[in-house]
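> Just dropping this structure here.
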Amino acid sequence: MRRVLVVGLGEFSPKARETGLEIREMTFEAAERAYLDAGLRPEDVQGIVSSGLDFNEGVSITDSFTPDQVGGRLKFNMLVSGDALEAVYHAFMIVRSGMLDVVLVDGHAKPSEIENYGDVLRCSLDPYCSRPLGFDPYVIAGLEARAFLARTGTDPVAFSKVAAKNINRAALTGGPYGERVSPEDLESDGYLYAPLRRRHVARPSDYAGVVLLAAEDAVPVPEECVELVAVESAGSSSTPHFWLRDWGRARWVGAALKRIESRHGADPRDVDFVEMTEFFAHQELMIASELGIDPGVHLDGRSGPVVNPSGGCLGNGNSLTASGMRAFIASVKQLRGEAGAVQVRGAESGLVVSTHSEIAEIGTVALLRRSGG
Amino acid sequence: MSARVVRYGPEQLEGLPASFAGFLRRATEEVGSGREQSWSKAVSEFNERVPEMALPGLVVQPWLFDFRYRRATGEAVGRFLEGLKEGRIIGTRCEGCGRVFIPPRSFCELCFRRVRTYVEHSGEGEVATYSVAYIGTNPRERLARPEVVAVIWFEGTKVVRPNSHHVFHAAGLMHKLGEVEPSEVRIGMKVKPVWRPKEQRRGEITDILYFAPVR
Amino acid sequence: MRRVAIVGAGMTDFRSMLPLTSPEMIRLAVKRCLDDVGGLSIRYVDGVLATSAPDAFDGYHDKGAIAVEAAGAIGKPITRVFVGGGSGVAAGVAGWYHVASGAFDTLLVVAWEKMSHPYPHAQKLFQTIFDPVLEKPLGPNLIWIFALEMMRYMEAHGLKKELIAEVAVKNKRNALDHPHAQLGARITVDDVLNSEVLVWPVNRLDISPTSDGAVALLLASEEVAKKLTDNPVWIEGVATCLDSQFWTMRDLAYPYYVYLAAQMAYRMAKITSPLKEVDVWEPYDPFTYKELHHMDGLLGRPGLAPKLLAEGQMEKDGDCPTTPSGGLLGVGNPIAAAGLMKVAELYFQLSGRAGKRQVPDAEVGVAQAWGDLMQVGTVVVCRR
């Protein structure tokens, strides 16, 4: 199988609220930067894989609105209805299959334009048994957080420790929700979905990110580059049937990791850092424990992989389906040594873990490695 | 076989937050008892064809979409809408390929570059294609008066491929036609915008009432 | 590049109202698909590729996330692709690269649509596909814009409605032989012309119905396929192509994007002369004119398809058998499921199991779908 390289990336950095540009213009800026970064022209790209969900953008068939701003007119196109890391997954398979050599992947979201997002997300629940109860769907995260505490015997202060770490991290890079805070500061926040407090919940941010993937035999490979070693995904229950969950665990993570081991012969746990889309503080702990990272250890970063060096969603915001793209790009920057103030020293490999949506039990895992040309 | 639509009456709504109770009440009113009979028929046919999954009856749940968005138009479309308010049609021109975009765009998808040259157009154009609508969004209800819908290609913006009649590009807008009988409309017919009175314009696409033939 | 085979297919009836939820429809289609492979256990399936058209129809936000249990994907990869009306065939394309890339040995491809939920009619929801600033305030409906395309196409080739109506007559008649069809019928050209005008030049019988339905296919790598069946059908060419969203700036007379997608798929399948080499065509026919419009693109010759139709070459015994399934006009149009039904039809035809619909000695078939704002072409080429 041919190796797949990440040859370019570009971002419209996350912002709590972008008022000047519309979403296609934001994505155009990200794509322009990605082409520049890769030293490629749009005509070098043969296909586009984008991601998005109709109601997040307020137009049905969001796919219609994807080609022009990324240089994708009259090219191969596929839209994955979910998180952008799922789109990376598809692009990875497209390049590996030999069908195309250079593929662009796009993630974009503008949650600041949705006035009643809770009502939108509620519609991913069961229409007969859940929706008529009228609860805010983020309550499901509260259920999950409570179950995680009960299952593991974790002290709820851990949520504030995770959130403070990520929010402080984002302060180093100018992330929209970055600030200097201590866990004690966060413990004084009120509850939103107990046991989750206000800043244990990621706040919305507008964002666009674009990456270019290429087969190593198709482009001039620089001396040092980043290889996308494996991407796998798994589901463990449908969102409308959330009550079926094995509460307090993210079982899909284990299933996806097992596929990385069995189908790619790689060890996804032997990495220097993990970037993930933790929409809520407990999700970072829940996912970390599936990875075998002891929550107590990873917080101080002394041993084992550093978790969310970029500050994750709690620091950089919830960019809906583009969140996975932000985490992916943050990881590639780490491996290129371009992560600035949050650089993990000597990072050779990293894992990206991304959930399909805030309340889904489906997700995707990608393994990245620094690689000689 | 029977089908039943769930209805939320005052008893069920008591104690719910007012806005959500209002939402469920509206769902009950607007979706009403629609299609109960057709559903009953559908259940009978299904039970006959797939006996292993036969249903005792069917319950239908009403629900409404009530999603609200507040959208930034971006600079180019923003300037277009501001222009409409003044009765002007604003576009952009790509300095790379020379194509004109009306409504304007801030990037050219072919040259893949930013487009910042604004141009003003008379608004005159030709009918690229048209249709006559006898229905709105519910095909079961006929409109009182049919509407003529058209794509208008603005004059002087057409780029035709040599060796064929294929129009490679034209600055085009979907809108309605007026002051013309449906039977008189032809592809290629010259048209111009008819504006809403100045004081009624609000910087929206409907500031142009319709396009009318140039006589 | 590994070879990829279709080894089984199953579907529900297509009906204007099926008293099943989407997960129940999926379950039924998947069960019938596994039964078709000798009652294969779901445990042998490596993962699921799902597709379904706008979230709005079903009334779910993120409706891909409702299929995990119904499609048997617990602990397995499941993602959903969605390119408007092109989704069903795009799922065949995506399914192909899942297996060809080596990531999957067996993969369920599942498509469903539930259009009876919107009340009073699904058309209302189609309104949400338009540009919210520049188009929606005009109160558009979907038939408007297809009527615009039909008019442009008729003008370009001087086509008469009498000829275009023949597509409805042919496809509804073919559908009489399809066991799951919603609208198989014997009708005449006059029936089409005399049916109510909805948006001139589109009459009611020019349009496919709204439908509920689900389809499932099982794909397998070459090695596994040979263990599962003696009669695999190989997916040999796949492609999609998406044109600009700014549809009013394009000439709608010719679907250039369908042409480009077809060319890419033919290159993969080593087809150089499609009219000669392809035995069965399943182009996307949500409207009568669309079958001809798409065949123009698939054959790479603007205006050729209407001539073939007039000569009777698109009948089952003609030189260019087109839509023997009965298509969307006859079998029904549960959007994404209708597209995958066309790929399933290639499987039935090329494995010689199409019953009364069988095109004799069919070896090579092409299925195509179309969608978005008259913008995307998706193509799958199969060979026995």
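Here, each number is a calculation from the coordinates, and none is a lab measurement. As the structure is a prediction and not an experimental result, all values here were calculated from the model. A quick note on method: Cβ atoms are made from the backbone with ideal geometry, for glycine too, and the neighbour counts reach across all protein chains shown.
> Using Cα pairs closer than 8 Å and at least 6 residues apart in sequence, work out the relative contact order for segment B:74-213, in percent. Walk me through the intermediate numbers first.
On the way: 288 pairs, mean separation 33.5, N = 140.
Result for segment B:74-213 is 24 percent.
> Counting only other residues whose beta carbon sits under 13 Å from that of A:Ala170, what net charge do I get with K and R as +1, D and E as -1? Please list the in-between numbers first.
Numbers: positive: A:Lys15, A:Lys165, A:Arg169, A:Arg180, A:Arg199, A:Arg203, A:Arg326; negative: A:Glu179, A:Glu275, A:Glu278.
Neighbour charge sum, excluding A:Ala170 itself: +4.
> Just want the answer: with Cβ charges of +1 for Lys and Arg and -1 for Asp and Glu, which residue in C:Leu125, C:Ala337, A:Val49 is farthest toward the dipole's positive end in the protein assembly as shown?
C:Leu125
> A further question follows. Work out the P(r) tail for segment C:125-264: percent of alpha carbon pairs separated by more than 17 Å, whole number.
Values: 7279 of 9730 pairs.
Result: 75 percent of Cα pairs exceed 17 Å.
> Further, regarding this structure: If you rank B:Cys94, C:Cys33, B:Cys111, C:Cys382 by fewest surrounding Cβ atoms within 10 Å, what's the result? Numbers along the way, then the final one.
Working: B:Cys94 20, C:Cys33 25, B:Cys111 16, C:Cys382 31.
Fewest-to-most Cβ neighbours within 10 Å comes out as B:Cys111, B:Cys94, C:Cys33, C:Cys382.
> Once you have the Kirkwood Rh of segment A:63-176 from its Cα pairs, apply Stokes-Einstein at 4 °C and 1.567 mPa s and quote D in µm²/s. Numbers along the way, then the final one.
Numbers: Rh = 18.5 Å.
The estimated diffusion coefficient comes to 70 µm²/s.
> Here's something else I'd like to know. Considering every residue in B:101-109, what mean count of other chain Cβ atoms within 10 Å of its Cβ is obtained? Display every interim value, and only then the final one.
Working: counts 2, 2, 7, 0, 7, 6, 10, 1, 13.
Mean partner shielding for this stretch: 5.
> Using DSSP to define loop residues, name the GluC sites (Glu not before Pro) in segment A:209-286 whose beta-carbon has at most 11 other beta-carbon atoms within 10 Å.
Working: sites: A:Glu216, A:Glu223, A:Glu224, A:Glu227, A:Glu232, A:Glu261, A:Glu275, A:Glu278, A:Glu284; in loops: A:Glu216, A:Glu223, A:Glu278.
Listed in order of number, the matching sites are A:Glu223.
> Return the average number of partner chain Cβ atoms within 10 angstrom of each residue Cβ along peptide B:122-134. Intermediate values should be presented prior to the final figure.
Working: counts 0, 0, 0, 0, 0, 1, 10, 15, 7, 15, 9, 11, 7.
For this peptide, the per-residue mean of nearby foreign Cβ atoms is 6.
> Just the projected area, averaged over all directions, of the convex hull on the alpha carbon atoms of segment A:201-337: how many nm²? Present the calculation step by step, with values, prior to reporting the outcome.
Working: hull surface 39.8 nm².
One quarter of the hull surface, i.e. the mean projection, equals 10.0 nm².
> Also, quick follow-up: Hey, how many Å between the Cα centroid of segment C:256-296 and the Cα centroid of segment C:40-111?
What the calculation gives is 24 Å, centre to centre.
> Let me ask you something else. What are the ³J(HN,Hα) values, in whole Hz, obtained from phi via the Karplus relation 6.51 cos²θ - 1.76 cosθ + 1.60 with θ = phi - 60°, for each residue of segment B:20-27 in sequence order, with x given for Gly and Pro?
6, 4, x, 5, 5, 5, 4, 4
> Follow-up. Once the principal axes of the Cα atoms of segment C:275-384 are found, what is the range along each, listed largest first in whole angstroms?
The Cα atoms of segment C:275-384 stretch 36, 30, 22 Å along their principal axes.
> Set the bar at 32 Å for Cα to Cα. Now go through A:Lys15/C:Lys124; C:Lys63/C:Lys356; C:Lys170/C:Lys226; C:Lys226/C:Lys342; B:Lys158/C:Lys307 and name every pair that lies beyond it.
Numbers: A:Lys15/C:Lys124 34 Å; C:Lys63/C:Lys356 36 Å; C:Lys170/C:Lys226 36 Å; C:Lys226/C:Lys342 23 Å; B:Lys158/C:Lys307 29 Å.
Exceeds cut-off: A:Lys15/C:Lys124; C:Lys63/C:Lys356; C:Lys170/C:Lys226.
> Follow-up question, since we're still on this one. Cα gyration tensor of segment A:258-355, axes a ≥ b ≥ c as square roots of the eigenvalues: rounded (a/c below 1.5), prolate (a/b > b/c) or oblate?
On the way: a/c = 1.20, a/b = 1.12, b/c = 1.07.
Cα axes put segment A:258-355 in the rounded bin.
> About its Cα centre, how strong a charge dipole does segment B:3-60 have in debye, to the nearest 20, once Lys and Arg get +1 and Asp and Glu get -1 at the Cβ? Don't skip to the end; give the middle numbers.
On the way: 7 positive and 8 negative charges, 22 e Å.
Dipole size: approximately 100 debye.
> Filter chain C for me: DSSP H helices, axial length by Cα at least 15 angstrom, mean Kyte-Doolittle hydropathy not below 0.5. List them by residue number.
Values: long enough: C:22-36 (21 Å, -0.22); C:87-100 (19 Å, 0.89); C:142-157 (23 Å, 0.74); C:161-175 (22 Å, -0.54); C:256-269 (20 Å, 0.41); C:288-299 (17 Å, -0.53); C:335-350 (23 Å, 1.21).
Qualifying helices, which must be both long enough and hydrophobic enough, are C:87-100, C:142-157, C:335-350.
> Right, another one. Given H placed on each backbone N at 1.01 Å, which residues far from A:Ile48 in sequence or on other chains put an amide H within less than 5 Å of it?
The answer is A:Phe76, A:Asn77, A:Met78, A:Leu104.
> Sticking with this one: From the C-alpha coordinates alone, can you work out the Kirkwood hydrodynamic radius of chain A, in Å? Could you put the intermediate results ahead of the total?
Details: mean 1/r = 0.0491 Å⁻¹.
Every distinct Cα pair counted, the radius reaches 20.4 Å.
> For segment C:1-63, what value does the Rg/Rh ratio take when both radii are computed over Cα atoms and Rh is the Kirkwood radius, given to two decimals? Could you put the intermediate results ahead of the total?
Numbers: Rg = 14.0 Å, Rh = 13.7 Å.
So for segment C:1-63, dividing Rg by the Kirkwood Rh gives 1.02.
> For segment B:91-200, build the charge dipole from Cβ charges (+1 Lys, Arg; -1 Asp, Glu) around the Cα centre, then report which of B:Val115, B:Val132, B:Gly91 sits farthest towards its positive end.
Of the candidates, B:Val115 comes out farthest on the positive side.
> Same structure again: Taking 10 °C and 1.306 mPa s as the conditions, I'd like the Stokes-Einstein D for chain B in µm²/s, using the Kirkwood hydrodynamic radius from alpha carbon pairs. Working shown, then result.
Working: Rh = 22.0 Å.
Calculated translational D: 72 µm²/s.
> Please rank C:Leu242, C:Leu309, fewest neighbouring Cβ atoms within 10 Å first, as an exposure proxy.
C:Leu309, C:Leu242
> Residues with beta-carbon under 10 Å from that of C:Val366, excluding C:Val366: net charge, scoring Lys, Arg +1 and Asp, Glu -1? Display every interim value, and only then the final one.
Values: positive: C:Lys342; negative: C:Glu277, C:Asp279, C:Glu282.
Net of charged neighbours comes to -2.
> Need one number: convex hull volume per residue for chain C, Cα atoms only, in Å³. Don't skip to the end; give the middle numbers.
Working: hull volume 47.1 nm³, N = 384.
So the per-residue Cα hull volume is 123 Å³.
> Take every Cα-Cα pair in segment B:58-102 and report what % of them are more than 18 Å apart. Don't jump to the answer; show the numbers that get you there.
Details: 563 of 990 pairs.
So the portion of pairs separated by more than 18 Å is 57 percent.
> Quick one: A:Thr27, B:Thr157, fewest Cβ neighbours within 10 Å first, how do they rank?
On the way: A:Thr27 29, B:Thr157 20.
In increasing order of surrounding Cβ atoms, one gets B:Thr157, A:Thr27.
> Right, another one. Taking the Cβ of A:Ala147 as the centre, find all other residues whose Cβ is under 10 Å away and add up their charges (Lys, Arg: +1; Asp, Glu: -1). Kindly include the intermediate steps, with their values, before the conclusion.
Details: positive: A:Arg146, A:Arg151, A:Arg245, A:Arg249; negative: A:Glu144, A:Asp246.
So the surrounding residues net to +2.
> Pick out, in residue order, every one of the trypsin sites (Lys or Arg not before Pro) in segment A:267-371 that is DSSP loop and has at most 11 other C-beta atoms within 10 Å; say none if there are none.
Values: sites: A:Arg269, A:Arg302, A:Arg326, A:Lys333, A:Arg336, A:Arg345, A:Arg369, A:Arg370; in loops: A:Arg269, A:Arg302, A:Arg345.
When the trypsin sites (Lys or Arg not before Pro) of segment A:267-371 are filtered for loop state and at most 11 Cβ neighbours within 10 Å, A:Arg302, A:Arg345 remain.
> Find the eigenvalues of the gyration tensor of the Cα atoms of segment C:1-133, then list the square roots of 5 times those eigenvalues as equivalent ellipsoid semi-axes, largest first, in whole angstrom.
Working from the Cα gyration tensor, I get semi-axes of 27, 18, 12 Å.
> Compute the distance from the alpha-carbon center of segment A:341-362 to that of segment B:143-215, in whole Å.
Their Cα centres are 51 Å away from one another.
> Further, regarding this structure: Where in segment C:90-198 are there GluC sites (Glu not before Pro) that are in a DSSP coil and have at most 16 other Cβ atoms within 10 angstrom of their Cβ?
Working: sites: C:Glu113, C:Glu135, C:Glu149, C:Glu155, C:Glu162, C:Glu166, C:Glu196; in loops: C:Glu135, C:Glu196.
Answer in residue order: C:Glu196.
> Continuing with the same structure: Whole Å is fine, so just give me how far the alpha carbon centre of segment A:149-173 lies from that of segment C:112-133.
Distance between centres, Cα-based: 43 Å.
> Principal axis lengths of segment A:5-50 from Cα atoms, whole Å, largest first?
So the extents along the principal axes, rounded to whole Å, are 32, 16, 15.
> How many Cβ atoms of partner chains, on average, are near each residue of A:87-97 if near means within 10 Å of its Cβ? Before the final figure, lay out the partial values.
Details: counts 2, 0, 4, 7, 1, 3, 10, 7, 2, 6, 12.
That average works out to 5.
> May I pose another question? How big is the Rg/Rh ratio for segment B:3-60, C-alpha atoms only, Rh by Kirkwood, two decimals? Write down the numbers at each step before the final one.
Numbers: Rg = 15.2 Å, Rh = 13.1 Å.
So for segment B:3-60, dividing Rg by the Kirkwood Rh gives 1.16.
> Still on this model: Viscosity 1.002 mPa s, temperature 20 °C: give me the Stokes-Einstein translational D for the protein assembly as shown in µm²/s, with Rh taken as the Kirkwood radius over C-alpha pairs. List each step's numbers first, then the result.
Values: Rh = 28.5 Å.
Answer, rounded: 75 µm²/s.
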